[in-house]
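Report on the following structure.
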Amino acid sequence: MAKIIGGVATTHVPSIGNAIAKGLQRDPYWAPFFGGFGAAHNWLARERPDVVVVFYNDHGLNFFLDKIPTFAVGAASEYRHADEGWGLPVSQPYPGDAELSWHLINSLVADEFDVTMCQEMLVDHAFTIPLALLWPEPDSRPVRTVPIAINTVQHPLPSPARCLKLGRSVGRAIASFDRDIKVLILGTGGLSHQLDGARAGFINKDFDLMCLDKLANDPDALARYSSLQIVEAAGSQGVELLNWIAMRGALTGEVAKVHSNYHIPISNTASALLVLSNDAEAAQTQYRKAS
Ligand code: DHB
Ligand code: FE
């Protein structure tokens, strides 16, 4: 049976892709951000996931405001990136896992999540940058991916409670998938940021640190907010936190924090990284071995 090894959540700011392309990881501006990823790389090297299920939001590359699904699941054998206009290099296509995608879609619809099924889906920086951060050597990337896009752009947005339930449904579906694979859940975007309007540049460190704690220890506390309350507390793009909440929902085991990093700012964003194990006992054993 498939096994969920844990979850990672990270910021997806486009300029991170430009910094990677220019090799600026040790530059004083970037070092506090990129330096946070060493512990994630070590954990991934031990856990070696085969597939990554990515909760992210599209920013207008595949869906636009004229037609935007609340929840969309990729069901393709590969996902292409394209020029998004950020000056980002266009990535090579990402292999999919259509069999797992259809299992998730069947389980989600049976569980009353009427998702949009996408047999073709362009993926944007919210998908490509977190993968490049977690596997800096493209050849060492896990072979397969399943993208799940959550609308964080066109109101009305799904509620945090709904996104937590979506994640839980995905977690149950993966656990019932009859193939011996190790699955990582990824959530991208956030934390607090607002790119435009009167509050452009808005950041809320207290709220972000509270979210990092609740994501590890008490995700239901975040499900008590409405999405508009999240916009108010974290900014109009800070509501990308919904992707992190869905990621956490998919962790149906004994969750333990492996690592976190928080650094202000990267571009306009309070950047953060969170690594959660889905097996608290295994995480503790590894910690004892490493120390
Ligand atoms: C920035 C942040 C985002 O989440 C995004 O999608 C684009 C830009 C930024 O901080 O510049
Ligand atoms: Fe974004």
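Just so it is clear, none of the values below were taken in a lab; they were calculated from the coordinates. Model, not experiment: these values are computed from the prediction. Positions of Cβ are generated from backbone atoms using ideal geometry, with glycine treated the same way; all protein chains shown enter the neighbour counts.
Observations, loosely collected:
- Rounded to the nearest 20, the Cβ-based charge dipole of the chain about its Cα centre (Lys and Arg +1, Asp and Glu -1) stands at 640 debye.
- Rounded to the nearest 500, the helix-only mean residue ellipticity at 222 nm of the chain stands at -10500 deg cm²/dmol, with each DSSP H run of n ≥ 4 adding -39,500 (n - 2.57).
- Label-point separation, His155 to Met210 (7 Å along Cα→Cβ), nm: 2.0
- Label positions at Ala31 and Asn106, each projected 7 Å from the Cα along the C-beta direction, are separated by 5.3 nm.
- GNM on the chain, alpha-carbon springs under 10 angstrom: the most fluctuating residue among Val53, Val153, Val123 is Val153.
- Listed by chain and number, the lysines whose alpha-carbon sits under 24 Å from that of Lys165, ignoring those within fewer than 8 places in the same chain, are Lys3, Lys67, Lys182, Lys214, Lys257.
- Pair Ser140, Glu78: separation of 7 Å Cα→Cβ label points (nm): 2.4
- Ordering of 190-198, 242-250 by burial proxy (mean other Cβ atoms within 10 Å per residue, highest first): 242-250, 190-198
- With R₀ fixed at 41 Å, the C-beta to C-beta distance from Asp66 to Arg224 puts the FRET efficiency at about 0.80.
- Most positive-pole-ward Cα, Ala39, Trp135, Tyr29, against dipole of the chain from beta carbon charges: Ala39
- Cα gyration tensor category, rounded, prolate or oblate, for region 1-143 with a/c compared to 1.5: oblate
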